[in-house]
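Report on the structure given below.
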Ligand code: FPP
């Protein structure tokens with residue numbers, strides 16, 4: 001279905017199906033206020049909850065957020081621990097998903113995280129899997145290159161075990177071995193905080209995504225900024241390589 005066809009159906013505007021956000025700028029937000037970086041992450045986590053709730057309210061189907069990258073382990077241990085604690089608090093508060101009717105899923109290499117977090121993640125995923133509202137994907141210990149290497153390994157195993165033939169490897173099959181199995185590619189990727197790069201986020205999936213950047217730091221990113229991104233998305237003509 002073409003872009004303009006969809007536009008006519010929805011009358012006022014086209015809602016992207018899937019929005020992905022790089023939640024950047026927590027550290028600078030804290031620094032500007034002479035607060036420790038941890039305070040920036042706490043504010044970022046609160047904002048994440050507000051934005052997820054807003055996305056659910058406006059009927060967005062998929063939201064994916066970058067919470068922790070495979071590279072973020074390089075940060076001081078106290079900062080890493082603080083981010084993991086914010087995540088623990090969020091996961092323990094099951095009503096974040098239940099009352100909101102949000103289905104949560106984690107993408108990334110979860111297996112190396114502390115066992116209590118792994119257990120909380122599994123519980124949250126299972127308990128929310130039948131929710132009919134927003135599908136919220138949280139990228140945790142996620143790296144696009146790591147994800148691709150993983151998918152290469154799985155694909156090689158599938159060939160070696162005879163599950164598929166070498167000649168059957170195609171984009172669709174390969175993508176089914178990514179963490180994002182079953183999730184459509186993001187229509188728009190938002191990066192606040194004045195940085196203009198992807199930082200290893202959804203590098204396979206973003207092949208045809210639109211990008212929207214803003215100088216606002218993540219804790220200051222409000223629903224109005226999300227609306228600006230959706231409005232801008234409506235002005236873009238997506239051709240997917242066609243004419
Ligand atoms: C980038 O800002 C942000 C992170 C590396 C962490 C993002 C984490 C959260 C928003 C909390 C996650 C919590 C839940 C519940 C999902 P930065 O520290 O790189 O900012 P800077 O570039 O200004 O230093």
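Data for the structure
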{"item": "Filter pass, residue 87 being within 17 Å of the chain's Cα centre (by Cα), within 10 Å of the ligand (Cβ to nearest atom), assigned to a helix (DSSP H, G or I) and farther than 29 Å from residue 228 by Cα", "result": "no"}
{"item": "Members of segment 52-71 that are near the ligand (Cβ under 10 Å from one of its atoms) and touching a strand residue (DSSP E or B) at 6+ places or on another chain (Cβ under 8 Å)", "result": "52, 65, 66, 67, 68, 69"}
{"item": "Residue selected from segment 8-20 under the condition within 24 Å of residue 182 (Cβ to Cβ) and assigned to a loop (DSSP other than H, G, I, E, B), by the criterion farthest from the ligand (Cβ to nearest atom)", "result": "14"}
{"item": "Lone qualifier among 206, 199 - being within 15 Å of the chain's Cα centre (by Cα), surrounded by fewer than 16 Cβ atoms within 10 Å (Cβ to Cβ) and closer than 15 Å to residue 65 by Cβ", "result": "199"}
{"item": "Some residue of segment 106-124 being in contact (Cβ under 8 Å) with a residue 60 or more places away in the chain, more than 11 Å from the ligand (Cβ to nearest atom) and touching a strand residue (DSSP E or B) at 6+ places or on another chain (Cβ under 6 Å)", "result": "yes"}
{"item": "Verdict on residue 122 being in a helix (DSSP H, G or I), surrounded by fewer than 17 Cβ atoms within 10 Å (Cβ to Cβ) and under 18 Å from the mean Cα position of the chain (by Cα)", "result": "yes"}
{"item": "In segment 90-107, residue nearest to the chain's Cα centre (by Cα) [restricted to those that are over 20 Å from residue 41 (Cα atoms) and part of a loop (DSSP other than H, G, I, E, B)]", "result": "102"}
{"item": "Hits in segment 217-236 - residues which are touching a helix residue (DSSP H, G or I) at 6+ places or on another chain (Cβ under 6 Å) and either more than 24 Å from residue 143 (Cβ to Cβ) or assigned to a helix (DSSP H, G or I) (or both)", "result": "218, 219, 223"}
{"item": "Residue within segment 145-157 that is over 16 Å from residue 102 (Cβ atoms), at pLDDT 95 or above and part of a loop (DSSP other than H, G, I, E, B) present", "result": "no"}
{"item": "Options 44, 27; residue that is near the ligand (Cβ under 8 Å from one of its atoms), in contact with a helix residue (DSSP H, G or I) (Cβ under 9 Å, 6 or more places away or on another chain) and without any contact (Cβ under 8 Å) to a residue 40 or more places away in the chain", "result": "27"}
{"item": "Residues being farther than 17 Å from residue 186 by Cβ, in contact with a helix residue (DSSP H, G or I) (Cβ under 6 Å, 6 or more places away or on another chain) and touching a residue at least 40 places away in the same chain (Cβ under 8 Å) - total across segment 125-146", "result": "1"}
{"item": "Residue match in segment 162-182 (condition: touching a residue at least 60 places away in the same chain (Cβ under 8 Å), closer than 20 Å to residue 61 by Cβ, within 15 Å of the chain's Cα centre (by Cα) and buried (at least 21 other Cβ atoms within 10 Å of the Cβ))", "result": "yes"}
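Here is a yes/no grid of residues against (1) more than 7 Å from the ligand (Cβ to nearest atom); (2) buried (at least 21 other Cβ atoms within 10 Å of the Cβ); (3) closer than 18 Å to residue 223 by Cα:
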| residue | (1), (2), (3) |
| --- | --- |
| 22 | yes, yes, yes |
| 38 | yes, no, no |
| 50 | yes, no, yes |
| 80 | yes, no, no |
| 94 | yes, no, no |
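The values are calculated or read from the model by the stated rules, or taken from the named source; none is laboratory data. From a predicted model like this one, the values you see are computed outputs, not experimental measurements. A quick note on method: Cβ atoms are made from the backbone with ideal geometry, for glycine too, and the neighbour counts reach across all protein chains shown.
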